[in-house]
Every structure is written in structure tokens, then in C-alpha cells.
Amino acid sequence: MGMKKIKERIKKAREWEDMIVKFDKQLEDIGFQFNPKTTKILRLKNLLFLSSDSKPTSREKKKFRNFRKKVKNGKLERKKFKELYGGWVAHTNKGNSYKLIRYMDKFYKELWRE
């Protein structure tokens, strides 16, 4: 690869980085913020693509299991746990996460069968 091509690629990469920064700023202005651990911005030819890791993490499941134990031990009311879970669903529902929420709803119901 010639030096001219390398310089062109570096220039394009910088242009894409600038576009991503501007895009991120615009989203921030309307109250939307990416989690850098779960969101990736990928360049596919001339298109920006947002990718999000929407799989339930073991951390979330562990958190709900701990809440269930607190309810069982009387340290947390079931109503409060239901509110916490509802808040998680509302937050998660902002993305394209229909399957994730259905999966976690099933997990939530199974917690009460124990």
C-alpha cells in the first residue's frame, strides 16, 4: 500500500471520528447517552451503525436474585421489588429489546416459583 493511500485512509478515519463525536453530542443534547461498555458505533462502508449488547447479563440476573432474597428475608417489600423490576423494564424498553424483556419477564416469574 502506497503512502498516498495510507494518508487517505487516515483522513477518512479522522472524518468518521469527527462525525461520531458530533452525532454523540446531538444525542446528548436530547438526553440520550450511550453506555460505552455496551454500545458500539461501527462504520459499514458509508453508513454509521449503532450496535448494542442487549443480552441479559448475569449481573442483572444476580441483582434480581438478591432482591428476591431480600424480599424472602423481609428486608424488602415485594411491592418495592416489583417497582424496581418495572423501572428496569421501562429503561430497557427504550431500545429494541422486545426479546430481552420477554426473557427477563420469564426469569422474574421463575424467581417467585422458588
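The values are calculated or read from the model by the stated rules, or taken from the named source; none is laboratory data. Because the structure is a prediction, the values reported are computed rather than measured. Glycine gets a Cβ as well: all are built from the backbone with ideal geometry, and neighbour counts include every protein chain shown. Surface areas here come from the heavy atoms of the whole protein model, side chains and all, with no ligands, DNA or RNA. Shrake-Rupley method; radii C 1.70, N 1.55, O 1.52, S 1.80 Å.
Filtering segment 62-97 to residues that are surrounded by 14 or more Cβ atoms within 10 Å (Cβ to Cβ), within 14 Å of the chain's Cα centre (by Cα) and in a helix (DSSP H, G or I) leaves W88, V89, T92.
Here are F23, F49: which of them is modelled with pLDDT under 85, open to solvent by less than 70 Å² (accessible area, probe 1.4 Å) and among the aromatic types (F, W, Y)?
Among F23, F49, only F23 is modelled with pLDDT under 85, open to solvent by less than 70 Å² (accessible area, probe 1.4 Å) and among the aromatic types (F, W, Y).
When residues in segment 72-114 are screened for being of a type in the set (S, T, N, Q) and over 17 Å from E60 (Cβ atoms), 2 of them pass. With respect to R59, determine if the residue is farther than 30 Å from F107 by Cα and modelled with pLDDT under 90. It is false that R59 is farther than 30 Å from F107 by Cα and modelled with pLDDT under 90.
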